[in-house]
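Here the structure is laid out as structure tokens; the discussion comes afterwards.
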Amino acid sequence: MAGAVQFRPLNGDFGVEALGVDASAPLDESTADALRTAFERHRVLVLRGQRLPPAAHVAFSRHFGELEIHVLDEYHKAEYPEIFELSNIGRDGMPNAVHPDLGTLFWHTDASWQAAPALATLLYAEQVPRDGGHTLFADMIGAYEAFGEAERERFRGLAVVHDLHVSRQKAGYAGMTPAQRGKRPPVVQPLVRIHPPTGRKALFLGSHGQAIRGMDELAGRGLIERIMSHAVEPRFVYEHVWRPGDLVMWDNRATMHRATEYDTATEPRVVRRTVIRGETVVPG
Ligand SMILES: [Fe+2]
């Protein structure tokens, strides 16, 4: 029922909520088109009140492109390799005090460490904590456009080295195994990219971005930190406070995101995601 979809803005032109869509039911093409258009225009798309078992999650996601399977095998659900689950529920069914991915607490763009980074991520909340475990989204188009012309021009000439191995270590993990590292060596991405559906320019950064190519290490890191601090100013950020049944889809070509902490010892949090395969980045 295409005419039934309505949209409600979340933070100016950044983020939109779609009302009247059941993501678990087959979608007709005009509804799918309306959702794709809203997603491309607003970068974050929220659907609340869903019941989305893994098979329906995968089927809905396919309306937006081809799905990706993550390089870190430990996160897959056996029956649905396209689903990546983050859960703090132990074998006894209770919260186990272990955060499932500390890397999510840092501002990042999903899979920016791949030559062809993730286009979009669709995250569905099965269980959410009473407090914390929110997701913050930063608008990398708005942040880019707010810089002065001289800085924008300078940024357009720069390239950033992205490396999952280093960002995993920064989050307190051992890094990847040699086999995983062999599959995913560091990649170089432009600091400014074109957002293909709109032609607008977006900053492309996040915790996987380690250095600026050809720049002294400290100076490069300083510049990355300065740009990221600017991009996460409250005026560019939408904070999603999760309810069970929320499905949030974001455009990794034009956003960064991070999760906020929660009490992993007492509060269950179970979320599942799919990732839409992206293309090689076009410099802006
Ligand atoms: Fe993420």
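The values are calculated or read from the model by the stated rules, or taken from the named source; none is laboratory data. Keep in mind the model is a prediction, meaning the values are calculated, not measured. Positions of Cβ are generated from backbone atoms using ideal geometry, with glycine treated the same way; all protein chains shown enter the neighbour counts.
A few remarks follow.
- Of the residues making up region 1-26, just one is farther than 21 Å from residue 240 by Cβ and in contact with a helix residue (DSSP H, G or I) (Cβ under 6 Å, 6 or more places away or on another chain), namely 2.
- When each of 249, 256 is tested for being part of a strand (DSSP E or B) and either modelled with pLDDT under 95 or within 11 Å of the ligand (Cβ to nearest atom) (or both), the lone residue that passes is 256.
- Which listed residue is among the β-branched types (Val, Ile, Thr), buried (at least 21 other Cβ atoms within 10 Å of the Cβ) and more than 15 Å from the ligand (Cβ to nearest atom), from 194, 224, 276: 224
- Qualifying residue in region 230-246 (condition: within 15 Å of residue 140 (Cβ to Cβ), part of a strand (DSSP E or B), acidic (Asp, Glu) and within 16 Å of the ligand (Cβ to nearest atom)): no
- Selection of region 49-70 for residues being assigned to a loop (DSSP other than H, G, I, E, B), surrounded by fewer than 16 Cβ atoms within 10 Å (Cβ to Cβ) and more than 17 Å from the chain's Cα centre (by Cα) yields 49, 51, 53.
- Filter result (closer than 21 Å to residue 254 by Cα, in a helix (DSSP H, G or I) and acidic (Asp, Glu)) within region 4-41: 33, 40
- Qualifying residue in region 100-111 (condition: farther than 20 Å from residue 283 by Cα, surrounded by fewer than 16 Cβ atoms within 10 Å (Cβ to Cβ), in contact (Cβ under 8 Å) with a residue 12 or more places away in the chain and away from the ligand (no atom under 14 Å from the Cβ)): no
- Residue in region 262-271 that is surrounded by the most Cβ atoms within 10 Å (Cβ to Cβ), counting only those that are more than 15 Å from the ligand (Cβ to nearest atom) and under 16 Å from residue 103 (Cβ atoms): 262
- Verdict on residue 199 being out of contact with any Cys (no Cβ under 8 Å at 6 or more places or on another chain) and more than 30 Å from residue 83 (Cβ to Cβ): yes
- When residue 207 is tested against the conditions (1) assigned to a helix (DSSP H, G or I); (2) among the polar types (S, T, N, Q); (3) buried (at least 20 other Cβ atoms within 10 Å of the Cβ), the lone failure is (1).
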